[in-house]
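The values are calculated or read from the model by the stated rules, or taken from the named source; none is laboratory data. All values derive from a computational prediction rather than experimental measurement. Methodologically, a virtual Cβ is constructed for each residue, glycine included, from the backbone with ideal geometry; neighbour enumeration extends over all protein chains shown. These accessible areas exclude ligands, DNA and RNA; they are computed on the full protein's heavy atoms, side chains included. Shrake-Rupley method; radii C 1.70, N 1.55, O 1.52, S 1.80 Å.
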Amino acid sequence: WWAVFLGVRLTEDGYSVLGRETFLAPVVWNEGWPHMDNNEGIVSLDMAVQRSPMTAPSILDGHAAVVVGREDFNEELGPQWMFVRNPSGGVCSVTEKPGFLTLYGQEASLGDVGQVTFVGRRQQHVEACYTTHMAFVPAADGEEAGMCIRRDEDAHYEIGIRRSEGRNLIFARLTVRGESEIVYAGETEAEQLFLRIESTEKEYRLTCSEDGQNWTALGSGSARSLSPEDFVHKMCFTGAVVGLYATGNGKASSTPAHFDWFEYEI
């Protein structure tokens, strides 16, 4: 017997950026009552299981593999990818430039409740590294594109390129409880950029590179600030989602952002 239920993997400090997940635990019957905790008072990540010798092999014979790796955007996006609300037509394509994910920014930004151009996947590991290669040369003030780790409109960290006052800038921005702070901004003439977000139990680190070899740290933000436990308005059960985005920050953008690949490493 097995039980399927929801739970969270908390850090030592009592929060989880992974949010609520589906768990599987063995059930032992004791005087007609199901027990799921091995009489330990809590369900553990590793639990002893007794099986009949006649039980056929299955995926329960070991740890199920988690699908991580490199997405080259050579075909239709798989089910691990998701959007913020229903995606608008014409703002996301894997066919406009074959082998690339092409995004067009909409009026809404990452901090708005609206149609946001964002394509992401769940953070499934506390310690992981996410990297992408982006080609983007914004032409109008407000145009912006890059990589983002996001809980919701009030909590997200991003790194990318934006145009402000006629200049193109590499930037890093942290938004916590609805308050945004640009922690790095430097003028650039680069037409393409490698972007990386590294997650640890304590923080997210934002770095970039022009050649994919030499990396520059642009800032870091607290992991707890993106956790459901730091959600102050109402109940929240979702964890962080990491992905690629574009925005016009108040108006639709006509400049495409091309992402060659996305890599998820653990």
Segment 13-24 residues that are under 16 Å from Arg150 (Cβ atoms) and in a loop (DSSP other than H, G, I, E, B), paired with ones that are aliphatic (A, V, I, L, M) and open to solvent by less than 30 Å² (accessible area, probe 1.4 Å) (beta carbon under 9 Å, 6 or more apart): Val17/Ile149; Val17/Ala223; Val17/Leu226; Val17/Ala240; Leu18/Ala240
Could you tell me which of the residues Glu181, Glu229, Glu165 is open to solvent by 30 Å² or more (accessible area, probe 1.4 Å) and touching a strand residue (DSSP E or B) at 6+ places or on another chain (Cβ under 6 Å)? Glu181
Contact list, first residue from segment 68-87 and over 12 Å from Phe262 (Cα atoms), second anywhere and surrounded by 14 or more Cβ atoms within 10 Å (Cβ to Cβ) and among the aromatic types (Phe, Trp, Tyr), beta-carbon distance below 6 Å, six or more apart or interchain, is Val84/Phe118
Members of segment 212-241 found to be within 17 Å of the chain's Cα centre (by Cα) and of a type in the set (Val, Ile, Thr), listed by number: Thr238, Val241
Mind listing just one residue for me: the one in segment 108-131 that is among the aliphatic types (A, V, I, L, M) and part of a strand (DSSP E or B) and, of those, farthest from Leu77 (Cα to Cα)? Ala128
Arg196 free of Cβ contacts under 8 Å to residues at least 60 places away in the same chain and open to solvent by 40 Å² or more (accessible area, probe 1.4 Å): no
Among the residues of segment 1-51, write down those that are more than 14 Å from Phe237 (Cα to Cα), open to solvent by 60 Å² or more (accessible area, probe 1.4 Å) and of a type in the set (A, V, I, L, M, F, W, C). Trp1, Trp2, Val4, Leu24, Val28, Trp29, Trp33, Met36, Ile42, Leu45, Ala48, Val49
With criteria (1) within 13 Å of Asn249 (Cα to Cα); (2) open to solvent by 20 Å² or more (accessible area, probe 1.4 Å), Val137 comes up short on (1)
For segment 242-262, does any single residue satisfy the condition of being over 16 Å from Gly146 (Cα atoms), open to solvent by less than 60 Å² (accessible area, probe 1.4 Å) and under 21 Å from the mean Cα position of the chain (by Cα)? no
If we keep just the residues of segment 88-107 that are free of Cβ contacts under 8 Å to residues at least 24 places away in the same chain and part of a loop (DSSP other than H, G, I, E, B), which is surrounded by the fewest Cβ atoms within 10 Å (Cβ to Cβ)? Gly89
Number of positions in segment 137-170 that are outside any loop (DSSP other than H, G, I, E, B) and in contact (Cβ under 8 Å) with a residue 24 or more places away in the chain: 20
Do you know which residues across segment 148-161 are under 18 Å from Arg121 (Cβ atoms) and over 9 Å from the mean Cα position of the chain (by Cα)? Asp152, Ala155, His156, Tyr157, Glu158, Ile159, Gly160
Would you point out the residue of segment 113-134, among those that are over 21 Å from Thr207 (Cα atoms) and at pLDDT 95 or above, that is surrounded by the fewest Cβ atoms within 10 Å (Cβ to Cβ)? Val116
Would you list the strands (runs of 3 or more DSSP E) that sit entirely within segment 178-266 and hold 1 or more residues that are more than 18 Å from Val84 (Cβ to Cβ) and not hydrophobic (A, V, I, L, M, F, W, C)? 179-187, 192-199, 203-209, 216-222, 257-265
Glu201 among the charged types (D, E, K, R) and over 13 Å from the mean Cα position of the chain (by Cα): yes
